[in-house]
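Note sheet for the following structure.
Any read-out appearing in this document is the output of simple, stated calculations on the displayed coordinates, not a laboratory observation. Being a predicted model, the structure only gives us computed values, none of them experimental. All Cβ positions, glycine included, derive from the backbone under ideal geometry; neighbour counts span all protein chains shown.
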Amino acid sequence: DVFQSHEEDDRKVRRREKNRVAAQRSRKKQTQKADKLHEEYESLEQENTSLKREIGKLTDEMKHLSEVLKDHEKICPLLHCTMNFVTVPRPDALASCLPR
């Protein structure tokens, strides 16, 4: 029957069109997902670089403060006092160790 054959052709065309649109939508969704992942990657790379820079600064600060402490320990009256076993240090000795 010619009518039935024409109806089947129409269904095939509609199904093909529907499939084409679905495939297009799927590809677009994949592209958007890939773009989002790339943006997230870029953001994490920047954050990582920033954190590494901060680690470097903090490491330098720690080295500097360790040197300051080592230099201070050489002249600290609290460390060189023969009475440093007393639980409460003398206020005048403590005052000379504190920054002004």
Exercise for the section: Subtracting the Cα-Cα distance from 0.36 nm times the residue separation, let me have the gained length for Tyr41 to His72 in nm, one decimal. Expected result: 6.6 nm
Exercise for the section: Could you tell me which of Gln24, Ser66, Cys76 has its Cα farthest along the dipole of segment 1-80 towards the positive end, charges placed at Cβ (Lys, Arg +1; Asp, Glu -1), taken about the Cα centre? Expected result: Gln24
Exercise for the section: Using a Förster distance of 30 angstrom, determine the FRET efficiency expected from the C-beta separation of Asp10 and Gln32, and round it to 0.05. Expected result: 0.35
Completion exercise
Applying the gyration tensor rule to the Cα atoms of segment 1-80 (axes a ≥ b ≥ c; rounded if a/c under 1.5, else prolate if a/b exceeds b/c, else oblate), the class is prolate
Handout entry: Estimated distance in nm for a label pair at Leu51 and Arg25, the labels positioned 7 Å out from Cα along Cα-to-Cβ
Key = 3.9
